[in-house]
Amino acid sequence: MTIITRRQALIGGIAGSGLLLTGCSRIFQADSLTESASFQRVLAAAQSWTLATQRLLLAGGQMATEYKPSDISPHFKANGTYNPGGEYYNRNVAQGFANWRLRIDGLVTHPLSLSVADLRRLPARSQITRHDCVEGWSAIGGWTGVPLALLLRAAGVRSGTRYVVFYCADNLDGEPSKGGEQSPGQYYESIGLIDAMHPQTLIAYDMNGKPLDVAHGAPLRLRVERQLGYKQAKYIQRIQVVSDFRSISGGHGGYWEDRGYDWYAGI
Amino acid sequence: MSTSAAEAVSETASRNARAHREVIHRHAWPVRLTHWINALTIFIMVGSGLNILNAHPRLYWGQAGADFDKPFLALHSWPDWLTIPSYTDLADARHWHFFFAWILVVNCAVYLTWSLARRHIQRDLWPTAKDLRAIPRSIIDHIKLRHPKGEAAKRYNVLQRLAYLGLLTLLIGMVLTGLSMSPGFDAFAPWLVVVLGGRQSARTLHFLFASAIVLFIAVHLIEVVLAGPINEVRSMITGRYAVPREHD
(Lines give C-alpha, C1' and ligand atoms only; values in the text may rest on other atoms or scores of the structure.)
Protein backbone atom coordinates (compact mmCIF):
# COMPACT_ATOMS: atom_id res chain seq x y z
CA MET A 1 0.00 0.00 0.00
CA THR A 2 2.78 2.38 0.93
CA ILE A 3 4.52 1.66 -2.37
CA ILE A 4 1.39 2.52 -4.32
CA THR A 5 0.80 5.73 -2.40
CA ARG A 6 4.43 6.69 -2.91
CA ARG A 7 4.04 6.10 -6.62
CA GLN A 8 0.83 8.12 -6.55
CA ALA A 9 2.69 10.83 -4.71
CA LEU A 10 5.38 10.83 -7.36
CA ILE A 11 2.85 10.99 -10.19
CA GLY A 12 0.90 13.69 -8.40
CA GLY A 13 4.06 15.64 -7.74
CA ILE A 14 5.16 15.46 -11.36
CA ALA A 15 1.68 16.40 -12.60
CA GLY A 16 1.55 19.28 -10.12
CA SER A 17 4.97 20.63 -11.06
CA GLY A 18 4.09 20.32 -14.74
CA LEU A 19 0.96 22.34 -14.19
CA LEU A 20 2.94 24.97 -12.30
CA LEU A 21 5.69 25.11 -14.92
CA THR A 22 3.18 25.99 -17.63
CA GLY A 23 2.97 29.24 -15.68
CA CYS A 24 0.70 30.77 -13.08
CA SER A 25 -0.54 33.30 -15.57
CA ARG A 26 -1.21 30.78 -18.30
CA ILE A 27 -3.35 28.55 -16.08
CA PHE A 28 -5.83 31.38 -15.64
CA GLN A 29 -5.14 33.07 -18.94
CA ALA A 30 -4.21 35.96 -16.65
CA ASP A 31 -2.46 37.96 -19.36
CA SER A 32 -5.39 37.97 -21.77
CA LEU A 33 -7.75 38.63 -18.85
CA THR A 34 -5.60 41.61 -17.83
CA GLU A 35 -5.80 42.97 -21.36
CA SER A 36 -9.58 42.61 -21.49
CA ALA A 37 -11.35 45.89 -20.79
CA SER A 38 -14.37 44.21 -19.20
CA PHE A 39 -12.20 42.22 -16.79
CA GLN A 40 -10.32 45.41 -15.89
CA ARG A 41 -13.67 46.99 -15.06
CA VAL A 42 -14.39 44.09 -12.69
CA LEU A 43 -10.98 44.51 -11.00
CA ALA A 44 -11.47 48.30 -10.85
CA ALA A 45 -14.52 47.76 -8.61
CA ALA A 46 -12.06 47.05 -5.78
CA GLN A 47 -10.72 50.60 -6.10
CA SER A 48 -14.14 52.06 -5.32
CA TRP A 49 -14.61 49.62 -2.39
CA THR A 50 -11.25 50.71 -0.98
CA LEU A 51 -11.98 54.41 -1.51
CA ALA A 52 -15.42 54.15 0.11
CA THR A 53 -14.03 52.16 3.06
CA GLN A 54 -11.11 54.52 3.65
CA ARG A 55 -13.32 57.61 3.33
CA LEU A 56 -15.52 56.07 6.04
CA LEU A 57 -12.60 55.05 8.28
CA LEU A 58 -10.94 58.46 7.85
CA ALA A 59 -14.15 60.48 8.24
CA GLY A 60 -12.68 61.93 11.43
CA GLY A 61 -9.89 63.59 9.43
CA GLN A 62 -7.28 61.39 11.12
CA MET A 63 -3.67 62.51 10.84
CA ALA A 64 -0.83 60.54 9.33
CA THR A 65 1.78 59.53 11.91
CA GLU A 66 4.43 62.19 12.51
CA TYR A 67 7.95 61.15 13.47
CA LYS A 68 10.86 62.50 15.52
CA PRO A 69 13.75 64.41 13.88
CA SER A 70 15.98 61.41 14.69
CA ASP A 71 13.76 59.23 12.48
CA ILE A 72 14.53 61.25 9.31
CA SER A 73 16.08 59.07 6.59
CA PRO A 74 19.73 60.01 5.96
CA HIS A 75 19.11 59.54 2.21
CA PHE A 76 15.61 60.30 0.99
CA LYS A 77 15.31 58.52 -2.33
CA ALA A 78 14.25 60.80 -5.19
CA ASN A 79 12.04 59.18 -7.81
CA GLY A 80 10.42 60.05 -11.12
CA THR A 81 12.06 63.24 -12.37
CA TYR A 82 15.44 64.10 -10.85
CA ASN A 83 15.75 67.35 -12.78
CA PRO A 84 13.10 68.78 -15.12
CA GLY A 85 15.83 70.61 -17.08
CA GLY A 86 14.97 72.74 -20.07
CA GLU A 87 15.62 76.43 -20.65
CA TYR A 88 12.72 77.67 -18.48
CA TYR A 89 13.40 75.52 -15.43
CA ASN A 90 17.19 75.97 -15.60
CA ARG A 91 16.76 79.75 -15.72
CA ASN A 92 14.56 79.57 -12.61
CA VAL A 93 17.14 77.43 -10.81
CA ALA A 94 19.81 80.03 -11.69
CA GLN A 95 17.56 82.79 -10.32
CA GLY A 96 16.98 80.88 -7.11
CA PHE A 97 13.28 80.59 -8.10
CA ALA A 98 12.86 84.34 -7.40
CA ASN A 99 10.52 84.63 -10.40
CA TRP A 100 8.68 81.30 -9.96
CA ARG A 101 4.93 81.83 -9.75
CA LEU A 102 2.28 79.56 -8.33
CA ARG A 103 -1.05 80.23 -9.98
CA ILE A 104 -4.28 79.17 -8.30
CA ASP A 105 -7.28 79.27 -10.61
CA GLY A 106 -10.27 77.33 -11.86
CA LEU A 107 -13.45 77.28 -9.76
CA VAL A 108 -12.28 80.04 -7.42
CA THR A 109 -13.62 83.54 -6.73
CA HIS A 110 -10.15 85.16 -6.46
CA PRO A 111 -7.51 83.58 -8.70
CA LEU A 112 -4.07 83.99 -7.12
CA SER A 113 -0.53 84.25 -8.41
CA LEU A 114 2.05 83.83 -5.65
CA SER A 115 5.83 83.87 -5.52
CA VAL A 116 7.79 81.48 -3.31
CA ALA A 117 8.58 84.50 -1.08
CA ASP A 118 4.82 85.23 -0.80
CA LEU A 119 4.24 81.64 0.32
CA ARG A 120 7.03 81.83 2.88
CA ARG A 121 5.30 84.84 4.49
CA LEU A 122 2.09 82.86 5.03
CA PRO A 123 1.41 80.74 8.13
CA ALA A 124 3.41 77.53 7.79
CA ARG A 125 3.21 73.99 9.05
CA SER A 126 6.12 71.60 9.61
CA GLN A 127 5.76 67.84 9.80
CA ILE A 128 8.02 64.79 9.73
CA THR A 129 6.23 62.05 7.84
CA ARG A 130 6.79 58.77 6.08
CA HIS A 131 6.73 58.74 2.29
CA ASP A 132 5.54 55.39 0.88
CA CYS A 133 6.31 54.71 -2.75
CA VAL A 134 3.93 52.51 -4.77
CA GLU A 135 7.02 50.40 -5.56
CA GLY A 136 7.26 49.37 -1.90
CA TRP A 137 10.06 51.44 -0.34
CA SER A 138 9.61 54.16 2.32
CA ALA A 139 11.61 57.18 3.47
CA ILE A 140 11.02 59.64 6.32
CA GLY A 141 11.41 63.36 5.68
CA GLY A 142 10.63 66.70 7.30
CA TRP A 143 8.47 69.11 5.32
CA THR A 144 7.57 72.77 5.81
CA GLY A 145 5.01 74.57 3.72
CA VAL A 146 1.68 76.34 3.52
CA PRO A 147 -1.41 74.25 4.24
CA LEU A 148 -3.26 73.91 0.95
CA ALA A 149 -6.55 74.57 2.80
CA LEU A 150 -5.32 78.06 3.65
CA LEU A 151 -4.56 78.84 -0.01
CA LEU A 152 -7.87 77.41 -1.19
CA ARG A 153 -9.78 79.48 1.38
CA ALA A 154 -7.89 82.60 0.28
CA ALA A 155 -8.78 81.87 -3.35
CA GLY A 156 -12.41 81.13 -2.42
CA VAL A 157 -13.45 77.69 -3.65
CA ARG A 158 -16.73 77.90 -5.55
CA SER A 159 -19.56 75.41 -5.21
CA GLY A 160 -19.36 72.39 -7.48
CA THR A 161 -15.68 71.90 -6.72
CA ARG A 162 -14.64 68.27 -6.37
CA TYR A 163 -10.96 68.06 -7.21
CA VAL A 164 -7.75 70.05 -7.02
CA VAL A 165 -5.35 69.52 -9.93
CA PHE A 166 -1.59 70.20 -9.73
CA TYR A 167 0.37 71.05 -12.87
CA CYS A 168 4.10 70.39 -12.72
CA ALA A 169 7.16 71.57 -14.62
CA ASP A 170 8.53 68.10 -15.31
CA ASN A 171 7.91 66.01 -18.38
CA LEU A 172 8.32 62.23 -18.01
CA ASP A 173 7.75 61.43 -21.63
CA GLY A 174 9.15 57.90 -21.78
CA GLU A 175 6.21 55.80 -20.72
CA PRO A 176 3.17 55.28 -22.96
CA SER A 177 -0.25 56.01 -21.59
CA LYS A 178 -2.66 53.08 -21.10
CA GLY A 179 -5.86 52.61 -22.99
CA GLY A 180 -5.52 54.48 -26.21
CA GLU A 181 -3.42 57.31 -27.47
CA GLN A 182 -0.25 58.67 -26.03
CA SER A 183 -1.11 61.40 -23.55
CA PRO A 184 1.28 64.29 -23.01
CA GLY A 185 4.14 63.40 -20.69
CA GLN A 186 3.74 66.48 -18.51
CA TYR A 187 3.44 65.44 -14.87
CA TYR A 188 0.21 66.36 -13.15
CA GLU A 189 -1.81 65.05 -10.25
CA SER A 190 -5.20 65.53 -8.63
CA ILE A 191 -6.71 64.94 -5.21
CA GLY A 192 -10.23 65.15 -3.82
CA LEU A 193 -11.39 68.11 -1.77
CA ILE A 194 -11.36 66.00 1.43
CA ASP A 195 -7.60 65.43 1.11
CA ALA A 196 -6.99 68.96 -0.17
CA MET A 197 -8.51 70.48 3.00
CA HIS A 198 -6.70 68.08 5.37
CA PRO A 199 -4.38 69.96 7.77
CA GLN A 200 -1.33 67.89 6.76
CA THR A 201 -1.75 68.63 3.05
CA LEU A 202 0.94 71.20 2.26
CA ILE A 203 2.45 73.10 -0.61
CA ALA A 204 5.94 72.45 0.76
CA TYR A 205 9.00 74.61 0.10
CA ASP A 206 11.42 73.22 2.70
CA MET A 207 12.67 69.68 3.17
CA ASN A 208 14.54 68.77 6.36
CA GLY A 209 14.93 72.48 7.21
CA LYS A 210 16.42 73.54 3.85
CA PRO A 211 14.79 74.80 0.65
CA LEU A 212 13.72 71.86 -1.53
CA ASP A 213 16.49 70.64 -3.81
CA VAL A 214 15.91 69.99 -7.50
CA ALA A 215 15.65 66.20 -7.15
CA HIS A 216 12.92 66.54 -4.51
CA GLY A 217 10.76 69.07 -6.38
CA ALA A 218 12.19 72.57 -6.05
CA PRO A 219 10.77 75.07 -5.49
CA LEU A 220 7.31 73.73 -4.54
CA ARG A 221 5.85 70.29 -4.10
CA LEU A 222 2.71 68.71 -2.74
CA ARG A 223 2.56 66.69 0.47
CA VAL A 224 -0.66 64.68 0.79
CA GLU A 225 0.37 62.40 3.62
CA ARG A 226 -2.29 59.70 3.60
CA GLN A 227 -1.53 58.67 0.02
CA LEU A 228 1.35 57.08 -1.91
CA GLY A 229 4.40 58.80 -3.40
CA TYR A 230 3.13 59.35 -6.94
CA LYS A 231 0.48 61.76 -5.58
CA GLN A 232 3.22 64.00 -4.07
CA ALA A 233 3.58 66.16 -7.21
CA LYS A 234 6.88 68.06 -7.55
CA TYR A 235 7.81 71.33 -9.38
CA ILE A 236 4.26 72.74 -8.99
CA GLN A 237 3.41 75.75 -11.17
CA ARG A 238 -0.34 75.81 -11.12
CA ILE A 239 -3.20 74.62 -8.95
CA GLN A 240 -6.55 74.35 -10.67
CA VAL A 241 -9.81 73.81 -8.81
CA VAL A 242 -12.20 71.71 -10.92
CA SER A 243 -15.45 69.78 -10.83
CA ASP A 244 -14.15 67.04 -13.14
CA PHE A 245 -10.75 65.97 -14.51
CA ARG A 246 -11.86 63.84 -17.42
CA SER A 247 -10.96 66.51 -19.98
CA ILE A 248 -7.46 67.01 -18.56
CA SER A 249 -4.56 65.23 -20.28
CA GLY A 250 -5.28 61.46 -20.39
CA GLY A 251 -8.42 61.95 -18.34
CA HIS A 252 -7.61 59.78 -15.32
CA GLY A 253 -6.48 62.53 -12.97
CA GLY A 254 -2.71 62.14 -13.07
CA TYR A 255 0.37 61.17 -15.05
CA TRP A 256 0.56 57.67 -13.53
CA GLU A 257 -3.21 57.34 -13.41
CA ASP A 258 -3.18 57.77 -17.22
CA ARG A 259 -0.79 54.83 -17.25
CA GLY A 260 -3.01 52.43 -15.30
CA TYR A 261 -2.36 53.36 -11.66
CA ASP A 262 -5.30 53.98 -9.34
CA TRP A 263 -6.48 57.54 -8.79
CA TYR A 264 -7.01 56.86 -5.10
CA ALA A 265 -3.57 56.04 -3.70
CA GLY A 266 -4.43 55.52 -0.04
CA ILE A 267 -3.46 51.85 -0.47
CA MET B 1 -13.02 -14.25 -21.17
CA SER B 2 -13.33 -11.11 -23.24
CA THR B 3 -11.75 -7.89 -22.09
CA SER B 4 -15.05 -6.20 -21.39
CA ALA B 5 -16.21 -9.13 -19.28
CA ALA B 6 -12.96 -8.98 -17.32
CA GLU B 7 -13.48 -5.30 -16.81
CA ALA B 8 -17.03 -5.88 -15.65
CA VAL B 9 -15.89 -8.47 -13.15
CA SER B 10 -13.10 -6.28 -11.80
CA GLU B 11 -15.45 -3.34 -11.62
CA THR B 12 -17.97 -5.35 -9.64
CA ALA B 13 -15.18 -6.53 -7.37
CA SER B 14 -13.93 -3.05 -6.69
CA ARG B 15 -17.49 -1.79 -6.18
CA ASN B 16 -17.97 -4.53 -3.60
CA ALA B 17 -14.71 -3.63 -1.97
CA ARG B 18 -15.76 0.01 -1.85
CA ALA B 19 -19.15 -0.95 -0.49
CA HIS B 20 -17.44 -2.32 2.58
CA ARG B 21 -15.70 0.98 3.20
CA GLU B 22 -17.62 3.21 5.49
CA VAL B 23 -18.50 6.53 3.84
CA ILE B 24 -18.92 9.55 6.07
CA HIS B 25 -19.89 13.14 5.45
CA ARG B 26 -16.58 14.79 6.19
CA HIS B 27 -16.67 18.46 5.20
CA ALA B 28 -19.66 20.76 5.65
CA TRP B 29 -20.58 22.84 2.61
CA PRO B 30 -19.31 26.18 4.00
CA VAL B 31 -15.90 24.57 4.56
CA ARG B 32 -15.85 23.16 1.03
CA LEU B 33 -16.97 26.41 -0.60
CA THR B 34 -14.57 28.66 1.32
CA HIS B 35 -11.75 26.13 0.77
CA TRP B 36 -11.94 26.40 -3.03
CA ILE B 37 -12.43 30.18 -3.05
CA ASN B 38 -9.43 30.40 -0.75
CA ALA B 39 -7.34 28.12 -2.99
CA LEU B 40 -8.02 30.23 -6.09
CA THR B 41 -7.56 33.50 -4.22
CA ILE B 42 -4.25 32.56 -2.59
CA PHE B 43 -2.91 31.38 -5.95
CA ILE B 44 -3.71 34.77 -7.48
CA MET B 45 -2.48 36.70 -4.43
CA VAL B 46 0.89 34.93 -4.53
CA GLY B 47 1.30 35.47 -8.30
CA SER B 48 0.28 39.12 -8.28
CA GLY B 49 2.18 39.68 -5.02
CA LEU B 50 5.44 38.48 -6.62
CA ASN B 51 4.79 40.83 -9.56
CA ILE B 52 4.36 43.73 -7.09
CA LEU B 53 7.52 42.64 -5.24
CA ASN B 54 9.44 42.79 -8.54
CA ALA B 55 8.98 46.58 -8.50
CA HIS B 56 11.40 46.70 -5.56
CA PRO B 57 12.63 43.22 -4.58
CA ARG B 58 14.39 44.37 -1.42
CA LEU B 59 12.96 43.96 2.07
CA TYR B 60 13.87 46.10 5.07
CA TRP B 61 13.28 46.18 8.80
CA GLY B 62 11.82 49.26 10.55
CA GLN B 63 9.63 52.12 9.35
CA ALA B 64 11.65 53.23 6.35
CA GLY B 65 13.94 51.60 3.79
CA ALA B 66 14.99 52.30 0.20
CA ASP B 67 17.97 51.91 -2.13
CA PHE B 68 20.51 53.47 0.24
CA ASP B 69 19.45 51.46 3.26
CA LYS B 70 20.73 48.07 4.30
CA PRO B 71 18.19 45.45 3.28
CA PHE B 72 16.98 42.71 5.60
CA LEU B 73 16.64 40.49 2.53
CA ALA B 74 17.80 41.38 -1.00
CA LEU B 75 15.88 39.21 -3.45
CA HIS B 76 16.16 38.82 -7.20
CA SER B 77 13.35 39.38 -9.66
CA TRP B 78 10.79 36.61 -9.73
CA PRO B 79 10.48 34.79 -13.07
CA ASP B 80 7.53 35.61 -15.34
CA TRP B 81 6.06 32.09 -15.11
CA LEU B 82 5.43 32.70 -11.40
CA THR B 83 3.86 36.16 -11.63
CA ILE B 84 0.37 37.41 -12.47
CA PRO B 85 0.30 38.93 -15.03
CA SER B 86 3.41 37.27 -16.48
CA TYR B 87 4.88 40.59 -17.68
CA THR B 88 6.09 43.05 -15.05
CA ASP B 89 3.41 45.70 -14.55
CA LEU B 90 2.96 47.12 -11.08
CA ALA B 91 -0.34 48.85 -11.90
CA ASP B 92 -1.99 45.72 -13.32
CA ALA B 93 -0.58 43.46 -10.60
CA ARG B 94 -2.01 45.83 -7.97
CA HIS B 95 -5.42 45.64 -9.64
CA TRP B 96 -5.40 41.84 -9.38
CA HIS B 97 -3.98 41.90 -5.86
CA PHE B 98 -6.43 44.39 -4.34
CA PHE B 99 -9.51 42.88 -6.01
CA PHE B 100 -8.69 39.41 -4.72
CA ALA B 101 -7.64 40.85 -1.35
CA TRP B 102 -11.28 41.86 -0.86
CA ILE B 103 -12.43 38.36 -1.88
CA LEU B 104 -9.91 36.84 0.57
CA VAL B 105 -11.05 39.06 3.44
CA VAL B 106 -14.74 38.35 2.83
CA ASN B 107 -14.07 34.62 2.39
CA CYS B 108 -12.02 34.43 5.60
CA ALA B 109 -14.69 36.39 7.48
CA VAL B 110 -17.41 34.00 6.27
CA TYR B 111 -15.31 30.98 7.23
CA LEU B 112 -14.39 32.35 10.66
CA THR B 113 -17.95 33.41 11.48
CA TRP B 114 -19.42 30.08 10.42
CA SER B 115 -16.65 28.01 12.02
CA LEU B 116 -16.84 29.76 15.36
CA ALA B 117 -20.65 29.80 15.45
CA ARG B 118 -20.95 26.11 14.52
CA ARG B 119 -18.00 25.25 16.76
CA HIS B 120 -16.03 23.77 13.84
CA ILE B 121 -12.84 25.45 15.05
CA GLN B 122 -13.43 24.59 18.71
CA ARG B 123 -14.43 20.97 17.99
CA ASP B 124 -12.46 19.93 14.91
CA LEU B 125 -9.37 22.17 14.87
CA TRP B 126 -8.52 23.12 18.44
CA PRO B 127 -6.20 20.37 19.77
CA THR B 128 -7.19 18.61 22.98
CA ALA B 129 -4.68 17.87 25.74
CA LYS B 130 -4.63 14.28 24.51
CA ASP B 131 -3.88 15.53 20.97
CA LEU B 132 -0.96 17.60 22.23
CA ARG B 133 0.53 14.63 24.04
CA ALA B 134 0.35 12.66 20.79
CA ILE B 135 2.49 15.17 18.86
CA PRO B 136 5.74 13.10 18.92
CA ARG B 137 3.90 9.96 17.77
CA SER B 138 2.08 11.91 15.08
CA ILE B 139 5.37 13.30 13.78
CA ILE B 140 6.80 9.77 13.53
CA ASP B 141 3.62 8.58 11.75
CA HIS B 142 3.91 11.41 9.24
CA ILE B 143 7.60 10.73 8.58
CA LYS B 144 6.84 7.05 8.02
CA LEU B 145 3.93 8.12 5.74
CA ARG B 146 1.55 6.13 7.98
CA HIS B 147 -1.93 7.56 7.68
CA PRO B 148 -4.70 7.14 10.25
CA LYS B 149 -7.26 4.46 9.51
CA GLY B 150 -10.64 3.50 10.84
CA GLU B 151 -11.96 5.60 13.71
CA ALA B 152 -8.76 7.68 13.85
CA ALA B 153 -9.25 8.74 10.21
CA LYS B 154 -12.61 10.30 11.03
CA ARG B 155 -11.03 13.21 12.87
CA TYR B 156 -8.13 15.53 12.14
CA ASN B 157 -4.86 14.39 13.69
CA VAL B 158 -2.95 16.82 15.87
CA LEU B 159 -0.48 17.96 13.19
CA GLN B 160 -3.39 18.61 10.85
CA ARG B 161 -5.14 20.67 13.52
CA LEU B 162 -2.02 22.73 14.18
CA ALA B 163 -1.37 23.18 10.46
CA TYR B 164 -4.91 24.41 9.73
CA LEU B 165 -4.91 26.72 12.76
CA GLY B 166 -1.49 27.92 11.63
CA LEU B 167 -2.81 28.68 8.15
CA LEU B 168 -5.72 30.60 9.64
CA THR B 169 -3.29 32.63 11.78
CA LEU B 170 -1.08 33.29 8.75
CA LEU B 171 -4.05 34.48 6.69
CA ILE B 172 -5.05 36.91 9.44
CA GLY B 173 -1.39 37.98 9.56
CA MET B 174 -1.41 38.54 5.78
CA VAL B 175 -4.46 40.79 6.03
CA LEU B 176 -3.00 42.82 8.92
CA THR B 177 0.48 43.23 7.37
CA GLY B 178 -1.16 44.05 4.04
CA LEU B 179 -3.41 46.70 5.56
CA SER B 180 -0.54 48.29 7.45
CA MET B 181 1.27 48.96 4.16
CA SER B 182 -1.62 51.29 3.20
CA PRO B 183 -0.85 54.91 4.14
CA GLY B 184 -4.60 55.59 4.43
CA PHE B 185 -5.20 52.67 6.79
CA ASP B 186 -2.13 53.68 8.82
CA ALA B 187 -3.74 57.06 9.54
CA PHE B 188 -6.83 55.18 10.79
CA ALA B 189 -4.95 52.61 12.90
CA PRO B 190 -1.40 53.91 13.53
CA TRP B 191 -0.94 51.39 16.37
CA LEU B 192 -0.98 48.46 13.95
CA VAL B 193 2.14 49.52 12.08
CA VAL B 194 3.83 50.18 15.45
CA VAL B 195 2.95 46.68 16.69
CA LEU B 196 4.37 45.21 13.47
CA GLY B 197 7.66 47.08 13.96
CA GLY B 198 7.22 49.64 11.19
CA ARG B 199 5.91 49.82 7.65
CA GLN B 200 8.93 48.14 6.07
CA SER B 201 8.91 45.42 8.76
CA ALA B 202 5.24 44.84 7.92
CA ARG B 203 6.19 44.48 4.23
CA THR B 204 8.94 41.99 5.14
CA LEU B 205 6.53 40.03 7.38
CA HIS B 206 3.95 40.06 4.56
CA PHE B 207 6.53 38.28 2.37
CA LEU B 208 7.61 35.85 5.12
CA PHE B 209 4.01 34.94 6.01
CA ALA B 210 3.27 34.40 2.31
CA SER B 211 6.32 32.12 2.08
CA ALA B 212 5.00 30.13 5.05
CA ILE B 213 1.62 29.81 3.30
CA VAL B 214 3.33 28.51 0.14
CA LEU B 215 5.17 25.97 2.33
CA PHE B 216 1.84 24.97 3.90
CA ILE B 217 0.32 24.47 0.43
CA ALA B 218 3.25 22.30 -0.69
CA VAL B 219 2.97 20.04 2.40
CA HIS B 220 -0.85 20.05 2.13
CA LEU B 221 -0.74 18.88 -1.51
CA ILE B 222 1.83 16.17 -0.73
CA GLU B 223 -0.36 14.93 2.16
CA VAL B 224 -3.46 14.91 -0.05
CA VAL B 225 -1.64 12.79 -2.62
CA LEU B 226 -0.24 10.43 0.04
CA ALA B 227 -3.59 10.01 1.80
CA GLY B 228 -5.36 9.10 -1.44
CA PRO B 229 -5.95 12.03 -3.79
CA ILE B 230 -9.28 10.93 -5.27
CA ASN B 231 -10.93 10.24 -1.92
CA GLU B 232 -9.47 13.43 -0.41
CA VAL B 233 -10.36 15.75 -3.28
CA ARG B 234 -13.83 14.21 -3.58
CA SER B 235 -14.42 14.79 0.10
CA MET B 236 -13.63 18.47 -0.41
CA ILE B 237 -16.01 18.68 -3.39
CA THR B 238 -18.99 16.51 -2.38
CA GLY B 239 -18.22 16.11 1.32
CA ARG B 240 -18.30 12.29 1.04
CA TYR B 241 -15.21 10.59 2.43
CA ALA B 242 -14.50 6.85 2.38
CA VAL B 243 -12.87 5.97 5.69
CA PRO B 244 -9.67 3.92 5.13
CA ARG B 245 -10.11 0.47 6.68
CA GLU B 246 -7.80 -0.87 9.35
CA HIS B 247 -6.48 -3.65 7.04
CA ASP B 248 -5.80 -1.55 3.94
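The values are calculated or read from the model by the stated rules, or taken from the named source; none is laboratory data. Predicted model, so just to flag it, every value in this text is computed and none were measured. Backbone-built Cβ (ideal geometry, glycine too); neighbour counts: all protein chains shown. The accessibility values were calculated without ligands, DNA or RNA, using every heavy atom of the protein model including side chains. Shrake-Rupley method; radii C 1.70, N 1.55, O 1.52, S 1.80 Å.
Averaged per residue, what accessible area in Å² does chain A show with a 1.4 Å probe, protein chains only? Before the final figure, lay out the partial values.
Values: 12020 Å² over 267 residues.
I get 45 Å² per residue for this part.
The residues of the range A:66-82 occluded by other protein chains by 20 Å² or more of accessible area, set against the chain on its own, are A:Tyr67, A:His75, A:Lys77; surface from heavy atoms, 1.4 Å probe.
Please build a GNM for chain A, connecting alpha carbons under 10 Å apart, and tell me which residue among A:Val42, A:Val224, A:Val116 fluctuates the most. So, out of A:Val42, A:Val224, A:Val116, the one fluctuating most is A:Val42.
So if R0 is 56 Å, what FRET efficiency would A:Ala59 and B:Lys130 give, r being the distance between their Cβ atoms, rounded to the nearest 0.05? Approximately 0.65, to the nearest 0.05. Volume of the convex hull of the protein assembly as shown (Cα atoms only), normalised per residue: 183 Å³. Solvent-accessible area of the range A:65-259 (1.4 angstrom probe, protein heavy atoms only): carbon and sulfur portion equals 53 percent.
The 3J(HN,Hα) values that the Karplus relation (6.51, -1.76, 1.60; θ = phi - 60°) gives for the range A:194-202 are, in residue order, 4, 6, 5, 8, 5, x, 8, 7, 10 Hz. Gly and Pro appear as x. Residues in the range B:3-242 average 51 Å² of solvent-accessible surface per residue, probe 1.4 Å, ligands and nucleic acids excluded. If you plug the beta carbon distance of B:Leu165 and A:Ser159 into 1/(1 + (r/R0)^6) with R0 = 41 Å, you get a FRET efficiency near 0.15. Accessible area drop of at least 10 Å² (1.4 Å probe, protein heavy atoms): which residues of the range A:133-162 qualify, relative to the chain alone? Those are A:Val134, A:Glu135, A:Gly136, A:Trp137, A:Ser138, A:Ile140, which lose 10 Å² or more relative to the chain on its own.
Considering only B:Leu171, B:His120, B:His97, and ranking their Cα positions along the charge dipole of the range B:3-242 that arises from unit charges at the beta-carbon of Lys, Arg, Asp and Glu, the one farthest toward the positive end is B:His120. Pairing chains A and B buries close to 4600 square angstrom of accessible surface in total, based on protein heavy atoms and a 1.4 angstrom probe. In the range A:251-267, comparing the full protein assembly with the chain on its own, the residues that lose 10 Å² or more of accessible surface at a 1.4 Å probe are A:Gly260, A:Tyr261, A:Asp262, A:Gly266, A:Ile267.
Remark: relative contact order (chain A) = 20 percent; criterion is Cα-Cα distance under 8 angstrom and separation of 6 or more residues. Would you please state which residues of the range B:205-223 a label at B:Ile172 would reach in this model, taking the label point 7 Å out along Cα→Cβ and a backbone N cut-off of under 17 Å? Residues B:206, B:209-210, B:213 qualify, since their backbone N sits under 17 Å from the label point. GNM remark for chain B: springs join alpha carbons under 10 Å apart, and the peak mean-square fluctuation among B:Asp131, B:Asp67, B:Asp141 falls on B:Asp67.
Loop sites here are trypsin sites (Lys or Arg not before Pro) outside DSSP states H, G, I, E and B with no more than 15 other Cβ atoms within 10 Å. The longest part of chain B free of them is B:22-117. Sorting B:Thr177, A:Thr144 by solvent-accessible area of protein heavy atoms yields A:Thr144, B:Thr177, largest first, with a 1.4 Å probe.
Between their Cα atoms, which of A:Lys210/B:Lys70; A:Lys210/A:Lys234; A:Lys68/A:Lys210; A:Lys68/A:Lys231; B:Lys130/B:Lys154 are more than 19 Å away from each other? Walk me through the numbers on the way to the answer.
Numbers: A:Lys210/B:Lys70 26 Å; A:Lys210/A:Lys234 16 Å; A:Lys68/A:Lys210 17 Å; A:Lys68/A:Lys231 24 Å; B:Lys130/B:Lys154 16 Å.
Beyond 19 Å between Cα atoms: A:Lys210/B:Lys70; A:Lys68/A:Lys231.
Rolling a 1.4 Å probe over the protein heavy atoms of chain B, with every protein chain left in place, gives an accessible area that is 69 percent carbon and sulfur.
The calculated FRET efficiency for the pair A:Asp213 and B:Leu40, based on their C-beta separation and a Förster distance of 35 Å, comes to about 0.15.
Comparing A:Ser243, A:Thr161, A:Pro123 along the charge dipole axis of the range A:65-259, the residue lying farthest to the positive side is A:Pro123, per the Cβ-charge model.
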